[in-house]
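The values are calculated or read from the model by the stated rules, or taken from the named source; none is laboratory data. No experiment lies behind these values; they were computed from the predicted model shown. All Cβ positions, glycine included, derive from the backbone under ideal geometry; neighbour counts span all protein chains shown. The accessibility values were calculated without ligands, DNA or RNA, using every heavy atom of the protein model including side chains. Shrake-Rupley method; radii C 1.70, N 1.55, O 1.52, S 1.80 Å.
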Amino acid sequence: MEFLSWKVEEGVAIATISRPPANALSQGLIQDVNALLDAVENDETVRVIVIHGEGRFFSAGADIKEFTNVQTGEEFTGLAKKGQDVFERVETFSKPVIAAIHGAALGGGLELAMGCHMRFVTESAKLGLPELSLGLIPGFAGTQRLPRYVGVAKAAEMMFTSDPISGKEAVEWGLANRAFSDEELLTETLKIAKKIAKKSPIALKAAIQMLNYSKPSSYYDGVNAEANSFGDVFVSEDAKEGIHAFIEKREPVFTGK
Ligand SMILES: C/C=C/C(=O)SCCNC(=O)CCNC(=O)[C@H](O)C(C)(C)COP(=O)(O)OP(=O)(O)OC[C@H]1O[C@@H](n2cnc3c(N)ncnc32)[C@H](O)[C@@H]1OP(=O)(O)O
């Protein structure tokens, strides 16, 4: 694993994302998340996983610079499907997965965190799906998971404005479980994770399976439609403009083409 390292403490695998400067979710980092799950799946010393980020952010989302290597809408749809599959594996994993979010969880970073079973945040963390400011839409199942946590109206506001909400608001809106100070985030998250690690792994696995039944039957249709739409939107001139504007550190100008 190139961008993820992990150690076990009292039944909790503490996984650290290290991909400076923003822990952007490159294809390689997404594969590392999958490799982490492979590594801990049959490891009986691991009962719970906590994912957090090194540096300034949990994760600032998919690697926008990597998008410039993508040529076709089909390729972009394929990229979305890969991320969706790994985050679905997180959500249906046999052991609880918890995100500890500081700094920012944006775009794909929030989509990874939303695939986790619980989210603990710092009060000042920024959580958002800003893809529309790139002329894109979320592609790692964010369009389907966010409304399940915050409701359709607030999900629309977060996506349409691209404005992030604070960790404190995320708790009020039902997106995060609890907020802590920057200093306390990891220790408090680990306290909760270690408490969970003492439960029966058999019962935990069953509880996760039952929680996944709470997804509406239309959920997976929505996830498939999102991947296709992600590819369709990518071929627009607006998407090219949005991606280049981000890289060039300027405001995008969208023309509807
Ligand atoms: C299917 C999924 C799709 C997606 O996830 S699309 C991506 C969605 N995410 C975003 O749009 C967030 C983009 N990033 C930002 O808005 C800002 O950045 C931050 C709020 C995270 C931080 O802002 P600040 O503190 O002003 O730092 P900075 O100079 O903008 O960023 C530091 C370095 O990090 C790189 N970076 C940030 N986010 C990404 C990213 N998502 N992909 C690739 N690089 C990223 C920048 O370019 C820069 O790098 P350099 O120092 O070399 O100029």
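Assorted remarks:
- Being within 16 Å of the ligand (Cβ to nearest atom) and either under 19 Å from Ile196 (Cβ atoms) or open to solvent by 60 Å² or more (accessible area, probe 1.4 Å) (or both) is a property that Asn69 has.
- Residue match in region 150-162 (condition: within 12 Å of the ligand (Cβ to nearest atom), of a type outside the set (Phe, Trp, Tyr) and assigned to a loop (DSSP other than H, G, I, E, B)): yes
- Residue within region 72-83 that is under 11 Å from the mean Cα position of the chain (by Cα), at pLDDT 95 or above, near the ligand (Cβ under 10 Å from one of its atoms) and surrounded by 22 or more Cβ atoms within 10 Å (Cβ to Cβ) present: yes
- Selection from region 233-257 of residues that are closer than 18 Å to Met159 by Cβ and within 22 Å of the chain's Cα centre (by Cα): Val233, Phe234, Ala239, Gly242, Ile243, Phe246
- Condition check for Pro147 on (1) touching a Gly at 6+ places or on another chain (Cβ under 9 Å); (2) outside any strand (DSSP E or B): one failure, at (1).
- Taking every residue in region 135-156 that is closer than 16 Å to Gly107 by Cα and of a type in the set (S, T, N, Q) and pairing it with any residue that is open to solvent by 50 Å² or more (accessible area, probe 1.4 Å) and at pLDDT 95 or above, at least 6 positions away or on another chain, yields no pair with a Cβ-Cβ distance below 8 Å.
- Looking across region 31-61, the residues that are touching a Gly at 6+ places or on another chain (Cβ under 9 Å), open to solvent by 10 Å² or more (accessible area, probe 1.4 Å) and of a type in the set (A, V, I, L, M, F, W, C) come down to Phe57, Ala60.
- Among the conditions (1) closer than 26 Å to Phe58 by Cβ; (2) among the small types (Gly, Ala, Ser); (3) touching a Gly at 6+ places or on another chain (Cβ under 6 Å), Ala227 misses just one, which is (3).
- Unique match (being open to solvent by 30 Å² or more (accessible area, probe 1.4 Å), within 12 Å of the ligand (Cβ to nearest atom) and hydrophobic (A, V, I, L, M, F, W, C)) among Leu136, Leu106, Leu129: Leu106
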